[in-house]
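Heads up, the thing below is written out as structure tokens.
The values are calculated or read from the model by the stated rules, or taken from the named source; none is laboratory data. It should be emphasised that the depicted structure is a prediction, and the values quoted were computed from it without experimental measurement. Cβ: placed from backbone, ideal geometry, glycine included. Neighbour counts: every protein chain shown.
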Amino acid sequence: MFSDPDQIELPGDPPLAVRLRRSGRARRVALSVSRLDGTVTLTLPTRASLRSAMRFLDERRDWLENAVAGLEGPVVVGPGTALPVEGTLVTLTPAPLRSARIDGTTLLVPAARPVAGALAYLRLRARDRLAERVSIHAQTLGYSIGKLTLRDTRSRWGSCTSTGDLMFCWRLIMAPPRVLDYVAAHEVAHRAQMNHSPAFWAEVAHLFPAHVEARRWLKQHGPALHRYRFSAS
């Protein structure tokens, strides 16, 4: 059970792996389940014993099993997959065409490379939408914007450097347009305030008054956007 110093395996059918993490900042034992990939992590203060960790897990076994059972698994994207584009579900459908396009509730993609075609389409659409909204918000604030980069980040939806370069997670294109617009406004607002002070949030509110609702959507539904797995084929 303790053969791996960084993992505990709880007996069951199937057994449940729990990642063990020690932290000098932790003041108590804490248990968490990632909504992104279902990873279970038990955080312990540096000097806490494995015996106390097992006792803690035993006391919370029912909660842990319910939390893991409630998670939705990953979605491997392929022909026939329904995935969200700007908040609307569309069905990935191979077709005899050279570039992907949406037709009603269908995402038509090149038959030779359906998944790669879908991914390229989403990234291009994300860049176009983000560039448009960033430009509008930057003009409103009167600031210039540097390079715009797209990545598949899990820890943050966007970032802004002191020189005005912006990075966004391309999966924002899967969220409703208002959510993408909020993240664009959030990062542009950092051109005026490189912090999260009240002054910063005042800038965000000026650019996007409905930011509280958009932030709430991201907190509740954002992790589900990472469920979709795109292969290179």
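Numbers at a glance
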| quantity | calculated |
| --- | --- |
| Single residue of the stretch 182-199 satisfying the filter (part of a loop (DSSP other than H, G, I, E, B) and in contact (Cβ under 8 Å) with a residue 12 or more places away in the chain) that is surrounded by the fewest Cβ atoms within 10 Å (Cβ to Cβ) | MET194 |
| Residue within the stretch 145-164 that is in contact (Cβ under 8 Å) with a residue 40 or more places away in the chain and among the basic types (Lys, Arg) present | yes |
| Output for the stretch 116-143, where each listed residue is touching a residue at least 24 places away in the same chain (Cβ under 8 Å) and outside any helix (DSSP H, G or I) | TYR143 |
| Identity of the residue in the stretch 37-59, surrounded by 15 or more Cβ atoms within 10 Å (Cβ to Cβ) and not small (Gly, Ala, Ser), that ends up farthest from LYS219 (Cα to Cα) | MET54 |
| Single match in VAL179, VAL204 (criterion: crowded, with 20+ Cβ neighbours inside 10 Å and within 30 Å of LEU92 (Cβ to Cβ)) | VAL179 |
| Given (1) at pLDDT 95 or above; (2) farther than 26 Å from GLY117 by Cβ, number of the condition LEU218 does not satisfy | (1) |
| Residues of the stretch 200-233 classified as assigned to a helix (DSSP H, G or I), within 13 Å of the chain's Cα centre (by Cα) and of a type in the set (D, E, K, R), total | 3 |
| Leading residue by the ranking (modelled with the lowest pLDDT) among those in the stretch 146-160 that are surrounded by 14 or more Cβ atoms within 10 Å (Cβ to Cβ) and in a loop (DSSP other than H, G, I, E, B) | ARG154 |
| First in the stretch 24-38 and part of a loop (DSSP other than H, G, I, E, B), second anywhere and at pLDDT 75 or above and loosely packed, with under 14 Cβ neighbours inside 10 Å, Cβ under 6 Å, 6 or more apart | GLY24/THR46 |
